[in-house]
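Where a number appears in this text, it was derived from the coordinates with a stated rule and is not lab data. Here the structure is a predicted model, which means the values were calculated and not measured. Cβ sites come from the backbone with ideal geometry, for glycine too, and all protein chains shown count toward neighbours.
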Amino acid sequence: MAVQMPLHDTEQKQAPTGLPSNRTEKQTMPKPRSRENQGLPLRWRHTHGAYYYNVPPGLEHLWDNKKLFRLGSKLHEAYQAWAKRLGEQANVRTIGDLLDRYALEVIPTKSPASQASNQNQLKKIREVFGSMPLLPFRPQLIYQYIDARSKKKKDPETGKVTGGKIAAHREIEVLSHAYTKAVEWGYIDKHPFKGEVRLQGEQPRQRYVEDWEVEEILSLKPKRSAGSVRMIQAYVRLKLLTGMAQGDLLRLRLDENIKEDGIHNQRHKTKKAMEKWTIYAWSGELREAVKQSLETRPKDSPYLFCNREGRGYVNEDQGRASGWKSMWQRFMDRVLEETKVTEPFTEHDLRAKVGSDASSLEHARSLLAHADTKTTQRVYRRKAEVVEPIRRRPAKAEVPPTKAIDADLDRRVA
């Protein structure tokens, strides 16, 4: 079945070549649960005639040091074993006990990328607070922890740098959420440090990508007709028109997102909390950007951006696009070597450029699909604000500058 791309009413042409064919491509979308596993609790599976629990990383010590724990051959036996284990873990006395339940019930509900980072953060928190009782908990401990963790350390063997203020803040956020759940679960009556700790805020980036820098990266000569450079340049054009986040752009599918009235997008990051969709209405520039994206693909695919196998770049099991990020880094290395651009910038900086160049704060919020303007204003509006000076004279009494004053101003400015 031929797939057509929406065009002007007066221009009913078929979309360019390179659109999806009828053959089935291997996808990176998460596999649906098999019939025998549907309806079972999270992380359960039925295999080889028995029910098993896939133990979350870091909690093996609660399940006889096993990664796959056998619950029983009968469903009622499995639920009995499950209830018994949870009952043993319900006796929460220490912060380590709380973190165990948090890892068991809360972390698995998050995105794959958040799960991976939360597991690493729990390890650091557990090292310091794990053996401490839930209460009493002095807020001063939070400041002491951040002071200690803010000092970056380099591993002499691996060269890996750990620590830093941002990492410390993220770890405390996890601990704070765990205490919030402790209130919900009835272990304590009040959060011990919420509202009691004032952490120094993290300053948002101020890098603004200038128009001439965009012209430079779009003028970089590709080595292949259909390859990474042309694909990234097409991607940049589309990003600068819409402001869509990396994960949303890389997930765009011709059959689900490219519609007659525009590009339909639901932010992947916030779709659980906010089901709202954004439609980027067709314009001449937007149509051309999508066409260029199609032409740069190395293979026919349902995805607007795909790798050589026709698969999307996002690994849904991990929530990451490692291949794309490596490609972007190589592209930026060439930009710094072969163009006049001297300061590197990130994809997020391009998204901020869209927010900064938008005609108004509300227009920027709509493009970036934010729930309100607070984040838009604080993080994504990076251009200097132009303001009108206050009038001190009545409009009728305003004296026009003389030629001498004009000449003096011109000389001083020059």
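Whole angstrom only: what separates the Cα centroid of region 144-205 from the Cα centroid of region 107-127? First find each Cα centre; the distance between them is then 12 Å.
Can you tell me the order of 266-273, 119-126 when each peptide is scored by its average per-residue count of other Cβ atoms within 10 angstrom, highest first? Provide the component values of the computation, followed by the final result.
Values: 266-273: 13.6, 119-126: 18.5.
Top of the packing list down: 119-126, 266-273.
Quick check for you: which residues of region 221-255 have the amide N under 14 Å from the point 7 Å beyond the Cα of SER111 toward its beta carbon? Residues 244-252 qualify, since their backbone N sits under 14 Å from the label point. Approximating the spin labels as points 7 Å out from Cα along Cα→Cβ, the MET132-to-LYS74 distance works out to 4.7 nm.
In region 238-341, which GluC sites (Glu not before Pro) fall in coil by DSSP and have 15 or fewer other Cβ atoms within 10 Å? Could the numbers behind the result be given before it?
Working: sites: GLU256, GLU260, GLU275, GLU285, GLU288, GLU295, GLU309, GLU316, GLU337, GLU338; in loops: GLU256, GLU260, GLU275, GLU309, GLU316.
The qualifying sites are GLU256, GLU260, GLU275, GLU309.
Between GLU316 and VAL386, the FRET efficiency from the beta-carbon distance, with R0 = 35 Å, is close to 0.20. The tail of the calculated P(r) for region 35-184, taken as Cα-Cα distances beyond 21 Å, holds 52 percent of the pairs.
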